[in-house]
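The values are calculated or read from the model by the stated rules, or taken from the named source; none is laboratory data. The structure displayed is predicted, hence computed values, not measured ones. Every residue, glycine as well, gets a Cβ built from its backbone with ideal geometry; the counts of neighbours run over all protein chains shown. Heads up: the accessible areas ignore ligands, DNA and RNA and are worked out on the full protein's heavy atoms, side chains in. Shrake-Rupley method; radii C 1.70, N 1.55, O 1.52, S 1.80 Å.
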Amino acid sequence: MKLADRRVVALGGGSGLPAVLRSLKDRLFPFPSSSLSIINRERLTAIVTVTDDGGSSGRLRGDFDMLPPGDIRNCLSALAESGDTLSDLFQYRFDKGNGLNGHSLGNLLLAALTHLRGNFLEAITCCGDIMKVKGRTLPSTAENVVLGARFRDGLAIKGETCIAGHRGRIQHVFLIPSQPAPLPQTIDAIEKADAIIIGPGSLYTSIIPNLLVKDIAAAIKRSAAKKIYICNLMTEPGETDGYTATDHIRAIFDHTEYGFFQYVILNNGKFSPAVWKNYADKECLPVRYDIDELRAFGLTSVALDLLTDKGDKGRHDENKLGKILTELL
């Protein structure tokens, strides 16, 4: 099967999922987005967590009783034509103004379209059409879910922002209500996928919440697709302090079941002094890995330099990421 015929599903949230989408969109669709049919667009599907309760998303969620739009907005922007003015406008964030300060224009547009269309999913589709995206974006569930976590000291906390801010050792996370219904389109996309990509992203607040939605993990498990986990570059304070790559994988398996994916992509590149300096005060460290431990999980490990040489933040280089993903495809 040619790459141009492959169907890919990517799950996550935050800044990690958009990086995966940008790395794949032009490889799967090497032509202008204006020539894409709706059916072709479905060959690249982002399934996005909807537990965010902070910042602009949290404010709109509380004010309008809608799903948080921020991670959805980032994915739509990632799938838009590179350098497109609409994408830049969609991501524009107000830095002043009574009531506007902190909001991004894309979040406000999604809120307005949800009100006009009466449906968040239709609002996403409408924004995708306006931006001529290469692919599609779906929330993991249409239900208004809250993320909860139980820590190893026995404390239970509700709310994504509070969980990340507690700085404790997480034992497991859960959704309220438990096992909300998925969108039929998400299950259909998983069942038709040739590859399913999980990560990178915040382990307990971006990755695992998607897998707790009813039937999503089961659909992934029974799929014959290649299942690939992209490990984070750095640990995250309050979520994965001291975690190795195996710890990340074990946490996912503990919330789903062992053997959930076959491949794990790891970084073995060296961080620049500027990146080290930037993360020194944040108590973030590169995620360590041990090939023997990963092999014991039955995983095929692919370790290579995935780092971008731009800026002072530890980020995946989208060209390097796209290259290894297409090789696995």
Can you find a residue in the stretch 71-83 that is farther than 25 Å from ALA195 by Cβ, surrounded by 14 or more Cβ atoms within 10 Å (Cβ to Cβ) and out of contact with any Asp or Glu (no Cβ under 7 Å at 6 or more places or on another chain)?
no
Might you check whether a residue that is within 17 Å of ALA149 (Cβ to Cβ) and touching an Asp or Glu at 6+ places or on another chain (Cβ under 6 Å) occurs anywhere in the stretch 236-246?
yes
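Residues checked against (1) among the β-branched types (Val, Ile, Thr); (2) part of a helix (DSSP H, G or I); (3) touching a residue at least 24 places away in the same chain (Cβ under 8 Å):
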residue	(1), (2), (3)
THR246	yes, yes, yes
TYR258	no, no, yes
LEU266	no, no, yes
LYS270	no, no, yes
ASN278	no, yes, yes
CYS284	no, no, yes
TYR289	no, no, yes
ASP292	no, yes, no
Test for ASP95: is it surrounded by fewer than 13 Cβ atoms within 10 Å (Cβ to Cβ) and either part of a helix (DSSP H, G or I) or hydrophobic (A, V, I, L, M, F, W, C) (or both):
no
Would you point out which residue out of ARG27, ARG61, ARG73 is assigned to a helix (DSSP H, G or I), among the basic types (Lys, Arg) and farther than 25 Å from SER202 by Cβ?
ARG27
Expected output for the stretch 170-183 (first residue in contact (Cβ under 8 Å) with a residue 24 or more places away in the chain and over 16 Å from LEU11 (Cβ atoms), partner part of a strand (DSSP E or B) and open to solvent by 10 Å² or more (accessible area, probe 1.4 Å), Cβ below 8 Å, 6+ apart or cross-chain) is ILE170/ARG150; HIS172/ARG150; PHE174/ARG150; ILE176/VAL146; ILE176/LYS158
First in the stretch 101-124 and within 11 Å of PRO69 (Cα to Cα) and in contact (Cβ under 8 Å) with a residue 24 or more places away in the chain, second anywhere and surrounded by 16 or more Cβ atoms within 10 Å (Cβ to Cβ) and of a type in the set (Val, Ile, Thr), Cβ under 8 Å, 6 or more apart
LEU110/ILE72; LEU110/ILE124; PHE120/THR114; ILE124/ILE72; ILE124/THR137
Residues that are closer than 17 Å to ALA251 by Cα: which strands (runs of 3 or more DSSP E) entirely in the stretch 135-196 hold 2 or more of them?
146-151, 170-176
Among the candidates GLY159, GLY62, GLY54, residue that is under 24 Å from PRO209 (Cα atoms), surrounded by fewer than 23 Cβ atoms within 10 Å (Cβ to Cβ) and more than 22 Å from the chain's Cα centre (by Cα)
GLY62
Select from the stretch 277-307 the residues that are of a type outside the set (A, V, I, L, M) and surrounded by 15 or more Cβ atoms within 10 Å (Cβ to Cβ) and list them in ascending order.
ASN278, TYR279, CYS284, PRO286, TYR289, GLU293, PHE297, SER301
